[in-house]
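Novice: Okay, handing you the structure first.
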Amino acid sequence: MAASTDLPVVDLAPFFTEDNSGGVTRATEAVREACRTHGCFRAVNHGVPAELMARALELSAAFFALPDDEKARAQPAEGTVAPLPVGYARQPAYSADKHEYVLVFDPKLRFNEYPAEPAGFRSVVEIQIWTPKEIVHLNF
């Protein structure tokens, strides 16, 4: 069978219900399979309100529209040793992928670097990414 090029869609609703009909097991397997075959998936029924997602996109667009020197302020200070690369980064010039990004991890680890501008960026990211605790604790 030929592999599909469509992005898999995974329904996460079972993680937010008390249903014992095997939904969590099926959803977990769907996530595992999507990651194995495609490397990513589109999550639906994840519990993150549409308004919060829209606000995160708005703030992200505002951040990435800033001048490079402003964006670079959202990096660890020189000499800081973080266990993982956090904050703002851009792919190297020789890379075909010219994307830039802000990498964050669970806020409880206390080593994320967030941009100061636009105001509200940190709180929206932390609420959107880390609130659905059931998703964070999936065992694959």
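Quick note: the coordinates plus some simple rules give every number you see, no bench work behind them. Being a predicted model, the structure only gives us computed values, none of them experimental. Ideal geometry is used to build each Cβ from the backbone, glycine not excepted, and the neighbour counts take in all protein chains shown.
Novice: Roughly how big is the chain's charge dipole about its Cα centre, with Cβ charges of +1 (Lys, Arg) and -1 (Asp, Glu), in debye to the nearest 20? Each step should come with its number before you reach the end.
Specialist: On the way: 13 positive and 19 negative charges, 44 e Å.
Computed about the Cα centre, the dipole is about 200 debye.
Novice: Now for a separate question. Cα centroid distance between segment 52-85 and segment 101-124, in Å?
Specialist: That distance is 7 Å.
Novice: Another question, then. Sort 88, 114, 94 so the one with the fewest other Cβ atoms within 10 Å of its own Cβ comes first.
Specialist: Working: 88 22, 114 17, 94 5.
Least crowded to most crowded, the residues run 94, 114, 88.
Novice: Counting GluC sites (Glu not before Pro) as exposed when in a DSSP loop with at most 12 other beta carbons within 10 Å, what is the longest stretch of the chain free of them?
Specialist: Numbers: sites that count: 18, 78.
Result, exposed sites excluded: 79-140.
Novice: Among 72, 82, 93, which one shows the biggest mean-square fluctuation in a GNM of the chain, springs joining Cα atoms closer than 10 Å?
Specialist: Maximum among the listed residues: 93.
Novice: Using Cβ contacts closer than 10 Å as the measure, can you line up 103, 12, 59 from fewest to most? Each step should come with its number before you reach the end.
Specialist: On the way: 103 12, 12 23, 59 20.
The fewest-first ordering by Cβ neighbours comes to 103, 59, 12.
Novice: Related question: With viscosity set to 1.567 mPa s and temperature to 4 °C, compute the Stokes-Einstein D of segment 1-46, Rh being the Kirkwood radius across alpha carbon pairs; µm²/s, no decimals. Before the final figure, lay out the partial values.
Specialist: Values: Rh = 11.1 Å.
Here the translational diffusion coefficient equals 116 µm²/s.
Novice: Here is a further query. Counting other C-beta atoms within 10 Å, which of 46, 99 has the fewest, and how do the rest follow? Don't skip to the answer; put the middle values down first.
Specialist: Numbers: 46 19, 99 9.
Arranged by neighbour count, lowest to highest, 46, 99 become 99, 46.
Novice: Over segment 30-128, consider all pairs of different Cα atoms and compute the Kirkwood hydrodynamic radius from their mean reciprocal separation; express it in Å, one decimal. List each step's numbers first, then the result.
Specialist: On the way: mean 1/r = 0.0650 Å⁻¹.
Roughly 15.4 Å, rounded to one decimal.
Novice: Got a sec? Charge dipole of the chain, +1 on Cβ for Lys and Arg, -1 for Asp and Glu; which of 72, 83, 115 is way out at the positive end?
Specialist: Working it through, the farthest residue towards the positive pole turns out to be 83.
Novice: Also: Please build a GNM for the chain, connecting alpha carbons under 10 Å apart, and tell me which residue among 47, 39, 87 fluctuates the most.
Specialist: The residue that fluctuates most here is 39.
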